[in-house]
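Q: Would you mind keeping the following structure in view while I ask a few things?
The values are calculated or read from the model by the stated rules, or taken from the named source; none is laboratory data. All of these numbers come straight from a predicted model, not from anything done at the bench. Methodologically, a virtual Cβ is constructed for each residue, glycine included, from the backbone with ideal geometry; neighbour enumeration extends over all protein chains shown. In case anyone asks, the SASA skips ligands and DNA or RNA and just uses the protein heavy atoms, side chains included. Shrake-Rupley method; radii C 1.70, N 1.55, O 1.52, S 1.80 Å.
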Amino acid sequence: MRLVPLFAFSALLASCHLTGNKDSQSAKLSLSSIYNADSVKWVAGNASGKNNAAEKEFLKGIDIYRNKKNAKGSIDKFTKSILLQPQAKSYYELGNALLDTRNVKDAIRAYDMAELLDYKPLSKLLYNKACAYSISQNVDSTRYNLTAAIEFGYNNMKNIMSDPDLAYFRENYSFKSEVMEAFSGAGDTEKLEWNLFANQFKPLPIPLTIDTAYQRNLGKNFISYDFEMYVAEMRDSKFSRDVGSSFYYVGLVKKTDAFKTLIYAVSDEVSEGEENITDSPAYYLMVSYDTGGKIIDKMLVSGKKIIEDPYRSLNIAGNSEFDVTEYKIEYEKDPAETGYINNPEKSRTEIKKTAFAITADGHFRPKTQQLALSH
């Protein structure tokens with residue numbers, strides 16, 4: 001990844017719009033600085049956590065772009081999200097929308113900013129950037145980015161050989177030999193996409209508890225929408241009634257020769273007008289996949305999907321064993337009316353606790369009642 005030196009602090013102030021609100025990030029970008037690498041890096045690095053307004057605009061952009069198939073209409077939403085808080089995922093999706101509308105110059109600039117902010121998976125970004133350079137008839141930059149994409153895990157040979165965006169580069173006499181050479185060390189291409197997804201999950205520290213406070217650890221571990229084949233909730237999300245979901249890597253629970261057990265988080269938002277009315281805590285899914293990425297077993301282990309449901313808390317003890325405890329939580333205000341922001345817990349009552357074990361084939365099985373009570 002290319003490194004960009006930071007300019008002096010005074011230069012940054014000239015390109016960033018400063019705010020006096022101590023409860024928000026200290027600076028925001030302007031339209032003239034959204035592709036200024038130094039400004040973007042500085043503003044992103046000084047953000048004070050998640051900006052709900054930026055997330056709302058991003059999810060609206062995703063709805064327009066991916067669900068309604070309106071690339072042009074999504075550009076404004078992604079841009080607004082970036083102005084509120086620059087994030088790698090927003091720049092990446094902006095680049096995709098710009099590429100689809102053939103604003104190739106700005107698409108490349110958006111991909112550059114996404115790379116600067118450490119977008120994952122990098123292979124997807126590099127491939128799309130190669131497409132942009134091919135449309136621009138820049139053979140050298142196309143070659144560089146496409147080769148790098150393959151080296152970082154891009155494995156869809158069929159797409160490379162048929163993608164109309166790469167048509168100009170395919171006319172280059174050395175195209176096939178260069179692509180084949182890049183693929184020569186790639187291994188089993190059918191498994192590379194799955195490995196690209198699964199390898200983003202790092203081993204979790206055990207013992208571990210995932211409760212309401214764990215959401216602060218999610219940070220920027222955003223799962224790309226390119227991996228929807230492994231995250232069913234991405235495919236099921238319809239963004240109705242201004243509903244949007246963000247997805248996050250949590251970590252690896254168990255790995256064997258036959259399967260991997262992973263945890264990812266889903267953060268749902270339902271908005272009405274300018275206010276989030278049910279900005280709920282994230283919920284966490286434990287999923288076992290076989291070596292090709294097919295689901296063996298899945299269960300909700302922490303949080304809740306429906307506001308009326310009990311809240312679940314996960315404790316992983318090790319030795320392939322974990323507990324799920326269900327609670328009834330009362331808040332100071334009704335979350336159905338006011339949401340969860342600035343709405344602290346008033347009381348928490350345990351409903352039940354169940355002990356589970358991960359079996360040798362990757363399934364999640366309750367332990368006997370006696371063992372659960374004595375755990």
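Q: For the structure I just gave you, tell me whether Asn52 is among the polar types (S, T, N, Q) and over 20 Å from Lys105 (Cα atoms).
A: For Asn52, the condition - among the polar types (S, T, N, Q) and over 20 Å from Lys105 (Cα atoms) - is met.
Q: I'd like the full set of residues that are open to solvent by 30 Å² or more (accessible area, probe 1.4 Å) and at pLDDT below 95, limited to the stretch 259-275.
A: Asp268, Glu272, Gly273, Glu274, Glu275
Q: Something else now. How about the stretch 29-50: which of its residues are modelled with pLDDT under 85 and either open to solvent by 50 Å² or more (accessible area, probe 1.4 Å) or touching a Lys or Arg at 6+ places or on another chain (Cβ under 9 Å) (or both)? Break it down into steps so the answer makes sense when it comes.
A: Residues of the stretch 29-50 that are modelled with pLDDT under 85, as a first pass: 47-50.
If the condition is that a residue be modelled with pLDDT under 85 and either open to solvent by 50 Å² or more (accessible area, probe 1.4 Å) or touching a Lys or Arg at 6+ places or on another chain (Cβ under 9 Å) (or both), then Ser48, Gly49, Lys50 are the ones that fit.
Q: While we're here: All but one of (1) at pLDDT 85 or above; (2) buried (at least 19 other Cβ atoms within 10 Å of the Cβ); (3) more than 25 Å from the chain's Cα centre (by Cα) hold for Val179, so report the exception by its number.
A: (1) is the only condition that Val179 fails.
Q: Between a residue in the stretch 315-344 that is farther than 28 Å from Pro366 by Cβ and any residue that is among the basic types (Lys, Arg) and surrounded by fewer than 14 Cβ atoms within 10 Å (Cβ to Cβ), which pairs come within a Cβ distance under 7 Å, given they are 6 or more apart or on different chains?
A: From residues that are farther than 28 Å from Pro366 by Cβ, the pairs are Tyr331/Lys346; Glu332/Lys346; Asn343/Lys333.
Q: Also, I was wondering about something else. Considering Leu94, Leu126, Leu117, which residue is surrounded by fewer than 22 Cβ atoms within 10 Å (Cβ to Cβ), in contact with a Phe, Trp or Tyr (Cβ under 7 Å, 6 or more places away or on another chain) and closer than 22 Å to Thr142 by Cα?
A: Leu117
Q: When you look at Asp140, is it touching a residue at least 60 places away in the same chain (Cβ under 8 Å) and surrounded by fewer than 18 Cβ atoms within 10 Å (Cβ to Cβ), yes or no?
A: The answer is no for Asp140.
Q: Among residues belonging to the stretch 109-151 that are of a type in the set (D, E, K, R), within 21 Å of the chain's Cα centre (by Cα) and not in a loop (DSSP other than H, G, I, E, B), point out the one that is farthest from Ala167 (Cα to Cα).
A: Glu115
Q: What strands (runs of 3 or more DSSP E), lying completely within the stretch 282-375, carry at least 2 residues that are at pLDDT 90 or above, open to solvent by 50 Å² or more (accessible area, probe 1.4 Å) and of a type in the set (A, V, I, L, M, F, W, C)?
A: Answer list for the stretch 282-375: none.
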